[in-house]
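The values are calculated or read from the model by the stated rules, or taken from the named source; none is laboratory data. Source: prediction; values computed, not measured. For neighbour counting, all protein chains shown are included, and Cβ atoms are generated from backbone atoms with ideal geometry for every residue, glycine included. These accessible areas exclude ligands, DNA and RNA; they are computed on the full protein's heavy atoms, side chains included. Shrake-Rupley method; radii C 1.70, N 1.55, O 1.52, S 1.80 Å.
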Amino acid sequence: MLYIVPDYYEEFACMADRCEDTCCAGWKIMIDRRSLIRYGKVKGPFRKQLHKAICWLDGTFRQSKERRCACLDEQNLCEIYKNLGGESLCRTCRLYPRHIEEFEGVREITLSVSCPEVARILLNKKEPVRFLNCETDKSEEYEEFDPFLYSMLVDARSTMIQILQNRELSVEVRAGLILGLAHDIQSRVDRERIFACEELFERYQRPEAFLYVEKALQEYQNCLKRRHYLEWQMLEELHFLELLRPQWQSLLLESQAILYGQGSEGFRSIFEEFDEWMAHHMPDWEIKCEQLLVYFIFTYFCGAVYDGRVYSKVQMAVSSVRCIYQLMAARWKKNEKELQVEDIVELVYRYSREVEHSDQNLEQMERMMEEHNWLAKACEKKRLKKGEGKDD
């Protein structure tokens, strides 16, 4: 079995009661069967409190009116941990914020940016992320697992991460390149031409590809009405996701009012000024943006081996970071043109908690991505006009 983790994996340590936003509130915590059996056998003075905190019918911890776990005390400490020790935590609580993606013979373990401390670690990291491997003697086989598709996806992801970490290019160009690469891979996967994908990896790292994407981006920037609509649409469609915390909807509505309340000219004015402010006051934003894009691509891209959604997973990564940037711009405007790194940390983990901690929301996000092609669609139209074909 091959285990893969990011190089900052060991830097994480739970902040416990010092955390500004506990992970034990806002969503239902599922209890694995083994832990349920163990909790049922607990004896002593803590037994009554523990059993009262569990909904045995659906295997979750009960919540207060404020949606706090019934085992969470007023100091944001876990009663189970205090009374029974860390080894008694259920699998969900024991693993979080670790996120595990399972493939045949491979376990990829990341740290979720829904945790404020993880978001802080990632956003403060200056060096490109590296991924560390550890192999054990354990082996396994999955039924109906396509090893050829998986191998291609792993190679494609490595290429995308290499592109994203090429700091000689603007982060917008890097994002455009991986969108275009994913679009062309999807076309080949749909036509069962997996082995034809390899030629794309080198193609999207050529200087002519960089120039092509730069030109497409410039055209997108110059088309104000289209940009205004598409960026508004990115935030608008987040309203269709399952709402995990009521405060999230308020944040979205407030941000939309600030950014889009004065029409397309107001939108352009805000972002022109915000982009300039960011370049002057937060010049390392492109590094933070790179780290977020690498995080989303590494975590979700290879999952396409199960559903074939190559392009939508990359679209979700790029649009997620763009949505976060929009929330940052709104926060900056609201704060009288001031923004701190801690504001970015907060917006990142709040976005992640709403999108990544609901299988329903992840599914809905990918379906929404399939309905839009954004930059890659514009590039495709341009290619077709030239008569070069979809795959070129």
Problem set entry | Selection count where residues are under 16 Å from Glu172 (Cα atoms), of a type outside the set (A, V, I, L, M) and open to solvent by 80 Å² or more (accessible area, probe 1.4 Å), scope segment 209-246 | 6
Exercise. Any chance segment 335-349 includes a residue that's modelled with pLDDT under 95, of a type outside the set (S, T, N, Q), surrounded by 18 or more Cβ atoms within 10 Å (Cβ to Cβ) and out of contact with any Ser or Thr (no Cβ under 6 Å at 6 or more places or on another chain)?
Worked result: no
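With the structure loaded, tell me whether Asp21 is charged (D, E, K, R), open to solvent by less than 40 Å² (accessible area, probe 1.4 Å) and under 22 Å from Glu346 (Cβ atoms) or whether it fails that test. Give the steps one after another, and end with the answer.
On the way: charged (D, E, K, R): yes; open to solvent by less than 40 Å² (accessible area, probe 1.4 Å): yes; under 22 Å from Glu346 (Cβ atoms): yes.
For Asp21, the condition - charged (D, E, K, R), open to solvent by less than 40 Å² (accessible area, probe 1.4 Å) and under 22 Å from Glu346 (Cβ atoms) - is met.
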Exercise. Applying the selection to segment 24-47, what residues are open to solvent by 80 Å² or more (accessible area, probe 1.4 Å) and under 30 Å from Val345 (Cβ atoms)?
Worked result: Lys28, Met30
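State which residue is nearest to Ala25 (Cα to Cα) when the search covers only segment 75-99 and only residues that are hydroxyl-bearing (Ser, Thr, Tyr) and not in a loop (DSSP other than H, G, I, E, B). Walk me through it before giving the result.
Residues of segment 75-99 hydroxyl-bearing (Ser, Thr, Tyr): 81, 88, 92, 96.
Next, from what is left, pick out any that are not in a loop (DSSP other than H, G, I, E, B): 81, 88, 92.
On the way: Tyr81: 16, Ser88: 19, Thr92: 13 Å.
Once the filter is applied, the top-ranked residue is Thr92.
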Exercise. List pairs: first in segment 41-69 and closer than 18 Å to Arg91 by Cα and in contact (Cβ under 8 Å) with a residue 12 or more places away in the chain, second open to solvent by 90 Å² or more (accessible area, probe 1.4 Å) and of a type outside the set (D, E, K, R), Cβ under 7 Å, 6+ apart or cross-chain?
Worked result: Gly59/Met30; Thr60/Met30
For this session: Given the conditions (1) of a type in the set (D, E, K, R); (2) within 21 Å of the chain's Cα centre (by Cα); (3) outside any loop (DSSP other than H, G, I, E, B); (4) under 27 Å from Pro246 (Cα atoms), report the number of the one that Asp17 does not fulfil.
Result: (2)
Seminar exercise, completed: Subset of segment 43-74, residues in a loop (DSSP other than H, G, I, E, B) and in contact with a Ser or Thr (Cβ under 8 Å, 6 or more places away or on another chain), comes to Ala70
Seminar exercise, completed: Residue pairs within 7 Å by beta carbon, gap of at least six or interchain, first lying in segment 303-332 and crowded, with 22+ Cβ neighbours inside 10 Å, second of a type in the set (Lys, Arg), listed first then second, are Ala304/Lys313
For this session: Can you confirm whether segment 313-328 contains a residue that is within 18 Å of Glu172 (Cβ to Cβ) and more than 18 Å from the chain's Cα centre (by Cα)?
Result: no
Exercise. Got at least one residue in segment 320-343 being out of contact with any Leu (no Cβ under 9 Å at 6 or more places or on another chain), of a type in the set (S, T, N, Q), part of a helix (DSSP H, G or I) and within 16 Å of Val113 (Cβ to Cβ)?
Worked result: no
